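Asker: Sharing a structure here in structure tokens format.
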């Protein structure tokens, strides 16, 4: 693969997750009356923590996708799984914050976890370093599942 093609693929990986982050962030509103009235879980971090964590996670996911995308033998299925997880991340934010539906967001989060697990397993077969970059994402999704469950249950 030519260096120009690698640069384009790496740029696309970074731009994809930057777009996912930007679109998702457009739906987040932790200052409105609805969000502030929610009964929060005991381990709920302050809103600023989410911004820092998601920035790091999207950077790791972009790095993972960049490494995978420059490989000659990467199946299209793998690339579709990255896309699916990005879309599901945005859908969760839309469902939770815009639709104000914690139970619906919990369903989306379960789908996201399934897609992310499939992505991790698939990537691990092709590029272990890329798969290791996805582990923090999986761990955060598990913590998010706890938070979302509690928010849906108590509200």
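Conditions tested, residue by residue: (1) more than 12 Å from the chain's Cα centre (by Cα); (2) surrounded by fewer than 17 Cβ atoms within 10 Å (Cβ to Cβ); (3) under 21 Å from residue 55 (Cα atoms); (4) modelled with pLDDT of 95 or more.
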residue	(1), (2), (3), (4)
76	yes, yes, no, no
80	yes, yes, no, yes
100	yes, yes, no, yes
112	no, no, yes, yes
148	yes, no, yes, yes
152	yes, no, no, yes
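Asker: Another question, if that's okay. Please enumerate the residues belonging to the range 127-143 that are more than 18 Å from residue 75 (Cα to Cα) and surrounded by fewer than 20 Cβ atoms within 10 Å (Cβ to Cβ). Steps first, please.
Answerer: Within the range 127-143, the subset more than 18 Å from residue 75 (Cα to Cα) is 132-133, 135-143.
Within the range 127-143, 132, 135, 136, 138, 139, 140, 142, 143 meet the criteria.
Asker: Right, residue 133: assigned to a helix (DSSP H, G or I) and within 18 Å of residue 51 (Cα to Cα) or not? Spell out the reasoning first.
Answerer: Values: assigned to a helix (DSSP H, G or I): yes; within 18 Å of residue 51 (Cα to Cα): no.
Against the criterion (assigned to a helix (DSSP H, G or I) and within 18 Å of residue 51 (Cα to Cα)), residue 133 does not qualify.
Asker: Which one is surrounded by the fewest Cβ atoms within 10 Å (Cβ to Cβ), of the residues in the range 1-29 that are outside any helix (DSSP H, G or I) and touching a residue at least 40 places away in the same chain (Cβ under 8 Å)?
Answerer: Going residue by residue through the range 1-29, those that are outside any helix (DSSP H, G or I) are 1-2, 28-29.
Keeping just the survivors that are touching a residue at least 40 places away in the same chain (Cβ under 8 Å) gives 1, 28-29.
On the way: 1: 10, 28: 17, 29: 12.
The selected residue is 1.
Asker: Here's another thing I want to ask about it. If you go through the range 42-52 one residue at a time, how many are assigned to a helix (DSSP H, G or I) and surrounded by fewer than 16 Cβ atoms within 10 Å (Cβ to Cβ)?
Answerer: In the first step, residues of the range 42-52 are kept if they are assigned to a helix (DSSP H, G or I); the result is 47-52.
Now narrow it down to the ones that are surrounded by fewer than 16 Cβ atoms within 10 Å (Cβ to Cβ): 47-49, 51-52.
Matching residues across the range 42-52 total 5.
Asker: Would the range 100-111 turn up any residue that is over 20 Å from residue 155 (Cβ atoms) and in contact (Cβ under 8 Å) with a residue 12 or more places away in the chain?
Answerer: Within the range 100-111, one or more residues are over 20 Å from residue 155 (Cβ atoms) and in contact (Cβ under 8 Å) with a residue 12 or more places away in the chain.
Asker: Condition test on residue 105, is it at pLDDT below 95 and either assigned to a helix (DSSP H, G or I) or loosely packed, with under 15 Cβ neighbours inside 10 Å (or both)?
Answerer: Working: at pLDDT below 95: no; either assigned to a helix (DSSP H, G or I) or loosely packed, with under 15 Cβ neighbours inside 10 Å (or both): yes.
The answer is no for residue 105.
Asker: From the residues in the range 31-41 that are in contact with a helix residue (DSSP H, G or I) (Cβ under 9 Å, 6 or more places away or on another chain) and without any contact (Cβ under 8 Å) to a residue 24 or more places away in the chain, which one is surrounded by the fewest Cβ atoms within 10 Å (Cβ to Cβ)?
Answerer: Checking each candidate, the answer is 31.
The values are calculated or read from the model by the stated rules, or taken from the named source; none is laboratory data. Note that this is a predicted model, so its numbers are computed, not measured. Because the Cβ atoms are built from the backbone with ideal geometry, glycine has one as well, and the counts that use them run over all protein chains shown.
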